Each structure stands twice: as C-alpha cells, then as structure tokens.
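Just below is one structure, and these are the notes that go with it.
The values are calculated or read from the model by the stated rules, or taken from the named source; none is laboratory data. All values derive from a computational prediction rather than experimental measurement. Glycine gets a Cβ as well: all are built from the backbone with ideal geometry, and neighbour counts include every protein chain shown.
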Amino acid sequence: DTAVSQTPKYLVTQMGNDKSIKCEQNLGHDTMYWYKQDSKKFLKIMFSYNNKELIINETVPNRFSPKSPDKAHLNLHINSLELGDSAVYFCASSHGTSGARTDTQYFGPGTRLTVL
Amino acid sequence: AQSVTQLDSHVSVSEGTPVLLRCNYSSSYSPSLFWYVQHPNKGLQLLLKYTSAATLVKGINGFEAEFKKSETSFHLTKPSAHMSDAAEYFCVVNTGTASKLTFGTGTRLQVTL
C-alpha cells in the first residue's frame, strides 16, 4: 500500500545512455513533481504536473523530459546522460488541483542515479 | 521571491537533551512552512507544517515548531532527543500559487549516547 513509489531504486549507467525513472502514486492526487537532490543533499524542483499538464518547468536541460500518461503516473526520461546528472531523484505528489501553497507533498523513496 | 536559511548545517545533541534546529525564511507573501525529515537512504517524511492557523505547530514524534512572523523564523524543537531522531532535517517554504517548494540546505542532527 505504498503511497508514492519509484522504480528503479538504484540506476547505474554509462555516459551518453538514455534512461527512464518511473513514478506512481495511489493517493488520488492531482499534482505530481520531480525533484533532484545533489551530493550536498540540496533539493530542487525540476517539474510539476497537474492532471497530466505541465505547470512548473524549472531551468532544466531539455535532455530531461517528463511524461505523464495519466494523473497517477509521472515518468522522467533522461537523454544523453552526463556525469553531472548523478544525483538522487525524488518524485512527489500533492492533492491540490490548483497547486495550493498549503498542500502537503508526499515523497517517494528516491532513485539514486549514478552516471559513470 | 522566497528563500529559506537553515542556520546550522550540523547539530549534535546527547540522547535525552532538547533539540533546536533553526530556520529563517524570506517571502513576499504569507508563507506556508514545512519541516521534512530524511533518514539515511530514505525518502522525505513530513514532520509538521504551518499554514497560517495556530503559530505553534505540533508534529509527529514529539517535534513542534513555532512560526514567528516578527523574527521570520520557524525553528524546530523537541524536548528530549532519541537516537532514532538522527537524520537530515529540511525547512521548506512555499509562498507561490503553484506548489513550488523551496528547500533549505538541511541540518544534519546527530544524537549521541
């Protein structure tokens, strides 16, 4: 009965490869997010989707492309992986249909991506 | 614009003694403020949140935080630390119309015997 799940938990790959991380939430939430946590533990939002529609798109290289097939899923596809992409990527979801600032965001367990 | 400053990158306390993790925020609008905890190799868990109701907010595991507008602070406290409290703690602010959280840089809490 996991609320927000991500697969895989660990991902090790070579530079230049393309990879995807999947996220699913069973909370019935309307909004989903991707965050990147760097080696110094700093967390920064990358994208946010509300009902399959992109609402936040931070300054992220266009090698990163989120895809939301339905409101319960938000996948992250990364092309031409670089060393600097190594990080922990967290998916999150929240209830609000309009992205209310009071909404609690629920986080997945994270995916540790290592690019060699 | 919004920002969060966690004043200590590392705090060490003895088990059974009080915990104080400091956080100051900056925002143009009335903020929502959150504290999240991250245990090693785990995801983030919400401890508590302030959303313009009571200024003293109680959270899980005995933690609480007080919103002080005059000091632009939202410090996290616990009367008595437990070994299981050892983790990374993040103070987070959201003032925008979209749910765009801005995270502090984190405070690592170490609890010693």
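Would you confirm whether or not region A:69-86 contains a residue that is among the hydroxyl-bearing types (Ser, Thr, Tyr), over 13 Å from A:Tyr33 (Cβ atoms), within 14 Å of another protein chain (Cβ to nearest Cβ) and exposed (fewer than 13 other Cβ atoms within 10 Å of the Cβ)? No, there is no match, as no residue in region A:69-86 is among the hydroxyl-bearing types (Ser, Thr, Tyr), over 13 Å from A:Tyr33 (Cβ atoms), within 14 Å of another protein chain (Cβ to nearest Cβ) and exposed (fewer than 13 other Cβ atoms within 10 Å of the Cβ). Among the residues of region B:15-62, just one is basic (Lys, Arg), part of a loop (DSSP other than H, G, I, E, B) and either out of contact with any Cys (no Cβ under 9 Å at 6 or more places or on another chain) or on the phi > 0 side of the Ramachandran plot (or both), namely B:Lys42. Here the condition is being part of a strand (DSSP E or B), of a type in the set (Gly, Ala, Ser) and surrounded by 21 or more Cβ atoms within 10 Å (Cβ to Cβ); of B:Ala65, B:Ala81, it holds for B:Ala65 alone. For region B:24-43, the criterion of being surrounded by 14 or more Cβ atoms within 10 Å (Cβ to Cβ), farther than 24 Å from A:Gly108 by Cβ and modelled with pLDDT of 95 or more is met by at least one residue. Taken as a whole, the structure places A:Val4 among residues that are over 14 Å from A:Thr114 (Cα atoms), within 14 Å of the chain's Cα centre (by Cα) and among the aliphatic types (A, V, I, L, M). For region A:29-45, the tally of residues that are touching a residue at least 40 places away in the same chain (Cβ under 8 Å) and either under 16 Å from A:Val88 (Cβ atoms) or exposed (fewer than 12 other Cβ atoms within 10 Å of the Cβ) (or both) stands at 8. The set of residues in region A:21-66 being within 13 Å of another protein chain (Cβ to nearest Cβ), charged (D, E, K, R) and part of a strand (DSSP E or B) consists of A:Lys36, A:Lys44, A:Glu53.
Among the residues making up region B:86-113, those that are out of contact with any helix residue (DSSP H, G or I) (no Cβ under 7 Å at 6 or more places or on another chain), more than 21 Å from B:Thr5 (Cβ to Cβ) and away from chain A (no Cβ under 14 Å) are B:Ala86, B:Thr112, B:Leu113. Per the listing A:Arg112, A:Arg101, the residue uniquely charged (D, E, K, R), free of Cβ contacts under 8 Å to residues at least 24 places away in the same chain and within 14 Å of chain B (Cβ to nearest Cβ) is A:Arg101.
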